[in-house]
Amino acid sequence: MQHNPAPSKVALVTGCSGFIGYHLCARLLAAGWQVIGVDSLSDYYDVSLKRRRQDMLAAHDGFQVINAAIETPNLLMDLFKTHRPAAVFHLAAQAGVRHSIDAPRSYLTSNIVGTFELLEAARVYPPQHILLASTSSIYGANTAMPYRETDAADHQVSFYAASKKAVEMMAHSYAHLYHLPITAFRFFTVYGPWSRPDMAPMKFAKAILANEPIDVYNHGEMRRDFTFVDDLIEAVMRLILAVPQRPAAGAVPVAGDSLSPVAPFRVVNIGNSRPVPLLDFIAAMERALGAKAQLNLLPMQAGDVAATWADTRLLQALTGYAPSTDLDTGLAAFANWYRGYRKNA
């Protein structure tokens, strides 16, 4: 039996202490939302960084956090029952393409089992909109670019990507069976202040400032659609109101729209739509830091892809917005934050 949610401006954010989760919670709080955050504070990377993000959020009266794993049975069910969130942002996941080669079981429990627990809670206490974080890695072996949401994406090349594709398909089935409006946003190489230490910007900055070489895979022959975190958060905030509706029987699909023909479910790319060669990214990082990089050129790593590029026309059609922060501006903001972070670490 389903229970109708009480009208509210309550948001539930899983993965609230992560890089993107922190920025999203801060933006929601600034917009007047009450935010219920959940985070396991896993040790995949330095937990002190997550705690620093969480402490900044905790300074807001409207923020409440539960430090626990989302796959814990009944944890999310109880939170949905108590708080009846109007919007749910599902960001919690075991991240990292390369780590999924070494520790695949953590992706199974966090990404798939954890998402199952969230969908079950939403089935019983349905929110007005679920926004689910997915990834550009889902496009896998696709070579036609820019990547479009309507492209078939069936050949993932890492277990991380496969787990996120499974999450999308699970969400679609719940959207169809239980009338849950769900938007899965596939984001492209997000960077900015408070980012993860396993991602290129922090790894590169740390090595460059220490006058140590940086590992550059595929001998630098890579391109990425780098997306500044503020742009990603602006897009997600605008998508809150772009609630998918189940199409009427026999309705003709709108060209370019990924809306499911049988469910209130849609996937949306969020990227800068400007693929940048990796060596150009490194040059921009050098300018931001005022230091030169030493390059350790290596072959392609297993599970990686040579290029990503987002088609963002659907995002623009739904929200009127397109990410546009240029790399020099974004990396200058990152470098300014990183210098201060290193001083206070």
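How far is it, in nm, from the label point at LYS9 to the one at ALA166 when both lie 7 Å from their Cα along the line to the Cβ?
3.9
Can you say what percent of the DSSP beta bridges in the chain, counting only those with both residues inside, are antiparallel? Round to 5.
Roughly 5 percent of the beta bridges in the chain run antiparallel, per DSSP.
If amide H atoms are built 1.01 Å from N in the plane of the peptide, which residues on other chains or at least 5 residues away come under 5 Å of the amide H of VAL268?
Long-range HN contacts for VAL268: ALA184, PHE185, ARG186.
Give the long-range amide H neighbours of LEU295: residues separated by 5 or more places, or on another chain, with amide H under 5 Å away, using H modelled in the peptide plane at 1.01 Å from N.
ILE214
If contacts are Cα pairs under 8 angstrom and at least 6 residues apart, what is the relative contact order of segment 131-219 in percent? Write out the running numbers ahead of the final one.
On the way: 73 pairs, mean separation 27.3, N = 89.
Once divided by the residue count of segment 131-219, the mean separation gives 31 percent.
Roughly how many nanometres apart are two label points built 7 Å out from the Cα toward the Cβ at THR82 and GLN316?
In this crude spin-label approximation the distance works out to 4.4 nm.
For the Cα atoms of the chain, what angle does the longest principal axis make with the long axis of helix 47-58, in degrees from 0 to 90, nearest 10?
That works out to roughly 50 degrees.
Quick one: compute a quarter of the convex hull surface over the Cα atoms of segment 145-219 and quote it in nm².
Values: hull surface 30.7 nm².
Across all orientations, segment 145-219 yields a mean hull projection of 7.7 nm².
Looking at the chain as a GNM with Cα springs under 10 Å, which of HIS83, HIS129, HIS23 has the largest mean-square fluctuation?
HIS83
In degrees between 0 and 90, to the nearest 10, how far off the longest principal axis of the chain does helix 159-178 point, with axes built from Cα atoms?
Tilt relative to the chain: about 20 degrees.
In a Gaussian network model over the chain where Cα atoms closer than 10 Å are linked, find which of PHE188, PHE226, PHE116 has the largest mean-square fluctuation.
Answer for the Gaussian network model of the chain: PHE116.
For the pair LEU297 and THR109, how long in nm is the line joining their label points, each one 7 Å along Cα→Cβ?
So the label points at LEU297 and THR109 sit 4.2 nm apart.
Compare ASP39, ASP326, ASP151 by solvent-accessible area with a 1.4 Å probe and give them largest first, with all protein chains kept in place. Mind dumping the intermediate values first?
Numbers: ASP39 15, ASP326 75, ASP151 50 Å².
From most accessible down to least: ASP326, ASP151, ASP39.
Report the FRET efficiency, 1/(1 + (r/R0)^6), for SER173 and LEU241, where r is their Cβ-Cβ distance and R0 is 25 Å, rounded to 0.05.
Efficiency computed from Cβ-Cβ geometry: 0.50.
How much accessible area per residue does the chain have, counting only protein heavy atoms and a probe of 1.4 Å, in square angstrom?
Per residue, the chain has an accessible area of 43 Å².
Would you please give the residues with an amide H less than 5 Å from that of ALA307, counting only those at least 5 places away or on a separate chain, with H modeled from the backbone geometry?
ARG223
Compute, for ARG196, the solvent-accessible surface of its heavy atoms (probe 1.4 Å) with the complete set of protein chains present, and express it in square angstrom to the nearest 10.
Taking all protein chains as shown, ARG196 has close to 50 Å².
Counting only protein heavy atoms and using a 1.4 Å probe, what share of the accessible area of the chain belongs to carbon plus sulfur, as a whole percent?
54
Considering the values (1) 32, 24, 18; (2) 41, 23, 19; (3) 27, 23, 21, which represents semi-axes √(5λ) of the Cα gyration tensor in Å as calculated for the structure under consideration?
(1)
May I ask you to evaluate 6.51 cos²θ - 1.76 cosθ + 1.60, the Karplus curve with θ = phi - 60°, for each residue of segment 89-96 and list the ³J(HN,Hα) values in order in whole Hz, giving x for glycine and proline?
So the Karplus estimates, Gly and Pro as x, are 10, 9, 10, 4, 5, 7, 9, x Hz.
Only helical DSSP H runs with n ≥ 4 go in: add -39500 (n - 2.57) per run for the chain, normalise by residue count and round the 222 nm mean residue ellipticity to 500 deg cm²/dmol.
Calculated at 222 nm, the ellipticity per residue is -11500 deg cm²/dmol.
For segment 1-95, take every pair of Cα atoms, bin their distances at 5 Å starting from 0, and report each bin as a whole percent.
3, 14, 27, 25, 18, 10, 3, 1, 0
Can you tell me which of ALA86, ALA249, ALA284 moves the most in a GNM of the chain? Springs connect C-alpha atoms under 10 Å apart.
Comparing ALA86, ALA249, ALA284 in the GNM, the peak value goes to ALA249.
Under a 1.4 angstrom probe, counting protein chains only, how are ARG53, ARG246 ranked by accessible area, largest first?
Ranking ARG53, ARG246 by accessible area, largest first, yields ARG246, ARG53.
Cα axis of helix 327-344 to longest principal axis of the chain: angle in degrees, 0 to 90, nearest 10?
In the chain, helix 327-344 runs at an angle near 80 degrees to the longest axis.
Per residue of segment 72-88, in order, report the coupling 6.51 cos²θ - 1.76 cosθ + 1.60 (Karplus, θ = phi - 60°) as ³J(HN,Hα) in whole Hz, putting x for Gly and Pro.
Coupling constants for segment 72-88: 4, x, 6, 4, 6, 4, 5, 5, 4, 5, 6, 9, 6, x, 6, 10, 10 Hz.
The values are calculated or read from the model by the stated rules, or taken from the named source; none is laboratory data. Only a predicted model underlies this, so the values are computations on that prediction, with no experimental measurement involved. In this analysis, Cβ positions are derived from the backbone assuming ideal geometry, glycine residues included, and neighbour counts consider all displayed protein chains. All accessible areas refer to the heavy atoms of the entire protein, side chains included, with ligands and DNA or RNA removed. Shrake-Rupley method; radii C 1.70, N 1.55, O 1.52, S 1.80 Å.
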